[in-house]
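Down below is the structure, laid out as structure tokens.
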Amino acid sequence: MWKRWVPVLALLALCAGTGAPKDAKSVLDDVSKAIGAASLNTIQYSGSGVYSQFGQSYLPNGPYPKFYAKYTRVVDYGKNISREEMVRTQFENPPRGGGGQPLYRPARGVTVTGENSPWGGGAVALTPHGWVKAAMASNPTMKSMSVKGKQMTVISFTVRDKYKVNGYVDSQNLLEKVETWMPNPILGDTLIETDYSDYKDFSGVKFPMKIFQKDGVFPVLDLTVSDVQPNAPANLEAPRAPQTAAHVESQKIADGVWYLAGTPDPNSMAVEFKDYVVIIESSVTEARALANMEEVKRLAPGKPIRYHVNSHHHSDHAAGLRAYVAEGSIVLTHEMNKKFYEQMVLKNPHTLEPDRFSQNPKPAKFIWVKDKYVLSDGDRSLEVYTVPGAGHTANLLMSYLPKEKILFITDIFNQFGEPRPNDPPPGIVTPYYAALGDNLKRLHLDVQQLAPSHGKAVVSVDLLNKALEGVVKAPEVTPPSGN
Ligand SMILES: [Zn+2]
């Protein structure tokens, strides 16, 4: 009886290669063969699905807002360059959340990564063929794991001695999932997971027809691939190194009030009181927040930045929040942010890119704004209001100087100065403008000038009023008045 089984076992051992337990190298060889990685130098794939904009949720702990997406990606594995092109159209109805909503026209965006990118072209290593090529060129480790009742081989390696990449290989030698962790100024070390399924064969190259990606807790891409062209001409050029330096050009807009314009966008505003200074808006990078602080220390020497007003939780408006806590500033923000800021933003590990707060942690001091909060030294007042009904986000704050009649406003009124897909057609008022107009009326605020967080300069409130009348004109920029 036993003898009958010997040839079968021998055959099984042959099928498995050597019969010896597999190591990472042989698993990768099998994956490479299964998906045709060795002969693949470039690929172009396209499809459609739903894209969700990271860091732009309506609620602080909620999912990112969705857009319909047409998607094309070209990868050059030899050059380690990836080019993603996406055309987004409006999905949410009514508009809820950021990402440039509401879109009245298709919005096209292109992202190119290469050796100069922050992760050195690491994005390529998250694609199935890029992953197996990168894993084979590294010192991978291997373990076996049961995932949702399915036995998987997990191959791990590290890119640039810093970024860990895990790939989950199934019994068919197909890559089902890649995970890695990327630094984020708000969320810290952030898990990025990409699921690949429904592999199809294209002249010996297998490619997944379904791609599903999560960035942090929530999905960012749910793509159905419809076209795959192995070894298509790529003609990709590596992007230049990104500009990470921050630059501030302060504009004095009233006595002791400065509009902090500069790069990267968005902008902030500083208000000087008798004994301290307030900075409104946290910015898109920690570097820009720190540059704003340095500029304010120059403009109002010797005065502490005692308060910081955080307009909302979006990734381009809260990246400096941790730096203000490290500075010792009291953070004024909407009460809805309590859990998100206390339990995630200030708790999550930032080991991949340690920031000012992780190097200098301090107990955070918050003022949780319910509907209104006033800072005053008896002479100057700054009134901070919530903006109910602003579909951009449920927790928006705007800041008003009653004496100077200046309103600092974020995202529901922008002043980019060039046409954008969210410019409404003539005669249409965007719901975000309408919400701002309604709130100014409700609160009886006498606003003369709007200081937009996204923009180049302070503008007259006439721009908003004209838009609300349905007379939409291209916004104009008033020249800066200097320091
Ligand atoms: Zn926003």
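The values are calculated or read from the model by the stated rules, or taken from the named source; none is laboratory data. None of the values given here were measured: they were computed from a predicted structure. Cβ placement follows ideal geometry from the backbone for every residue including glycine, while neighbour counts extend to all protein chains displayed.
Brief remarks follow.
- Within segment 68-87, the only residue that satisfies the criterion of being under 30 Å from N337 (Cα atoms) and either touching a residue at least 40 places away in the same chain (Cβ under 8 Å) or outside the structural domain of T127 (by TED's automatic domain parsing) (or both) is A69.
- E115 within 16 Å of the ligand (Cβ to nearest atom), at pLDDT below 95 and surrounded by fewer than 21 Cβ atoms within 10 Å (Cβ to Cβ): no
- Some residue of segment 154-172 being part of a loop (DSSP other than H, G, I, E, B) and not charged (D, E, K, R): yes
- Single condition K252 does not satisfy, out of (1) at pLDDT below 95; (2) surrounded by fewer than 20 Cβ atoms within 10 Å (Cβ to Cβ): (1)
Rundown of residues vs (1) out of contact with any Phe, Trp or Tyr (no Cβ under 7 Å at 6 or more places or on another chain); (2) touching a residue at least 40 places away in the same chain (Cβ under 8 Å); (3) under 21 Å from A319 (Cβ atoms); (4) not hydrophobic (A, V, I, L, M, F, W, C), yes/no style:
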residue: V165; (1), (2), (3), (4): no, yes, no, no
residue: V169; (1), (2), (3), (4): yes, yes, no, no
residue: G188; (1), (2), (3), (4): yes, yes, yes, yes
residue: L191; (1), (2), (3), (4): no, no, yes, no
residue: K200; (1), (2), (3), (4): no, no, no, yes
residue: F207; (1), (2), (3), (4): no, yes, no, no
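- Listing of strands (runs of 3 or more DSSP E) fully contained in segment 315-418 that carry 2 or more residues being modelled with pLDDT of 95 or more, away from the ligand (no atom under 16 Å from the Cβ) and surrounded by fewer than 14 Cβ atoms within 10 Å (Cβ to Cβ): 372-376
- Subset of segment 244-282 [under 17 Å from K297 (Cα atoms), under 21 Å from the mean Cα position of the chain (by Cα) and in a loop (DSSP other than H, G, I, E, B)]: A246, N267, E281, S282
- Any hit, segment 234-248, residues being free of Cβ contacts under 8 Å to residues at least 60 places away in the same chain and either buried (at least 20 other Cβ atoms within 10 Å of the Cβ) or touching a Leu at 6+ places or on another chain (Cβ under 9 Å) (or both): yes
- Here E193 does not fit the description of being more than 30 Å from E294 (Cα to Cα) and not in a strand (DSSP E or B).
- Cβ-Cβ contacts under 9 Å between residues 6 or more apart (or on different chains), taken from a first residue in segment 303-322 that is within 9 Å of G55 (Cβ to Cβ) and in the same structural domain as L375 (by TED's automatic domain parsing) to a second residue that is within 15 Å of the ligand (Cβ to nearest atom) and outside any loop (DSSP other than H, G, I, E, B), are listed as H313/L321; H313/T333; H313/H334; H313/M336; H313/N337; H313/F340; A318/T333; A318/N337.
- Selection count where residues are more than 16 Å from the ligand (Cβ to nearest atom) and not aliphatic (A, V, I, L, M), scope segment 269-314: 18
- Restricting Q90, Q101 to residues that are touching a residue at least 40 places away in the same chain (Cβ under 8 Å) and out of contact with any Cys (no Cβ under 9 Å at 6 or more places or on another chain) narrows the list to Q101.
- Qualifying residue in segment 100-112 (condition: modelled with pLDDT under 95 and within 12 Å of the ligand (Cβ to nearest atom)): yes
- Restricting attention to segment 75-85, the residues being surrounded by fewer than 19 Cβ atoms within 10 Å (Cβ to Cβ) and not basic (K, R) number 3.
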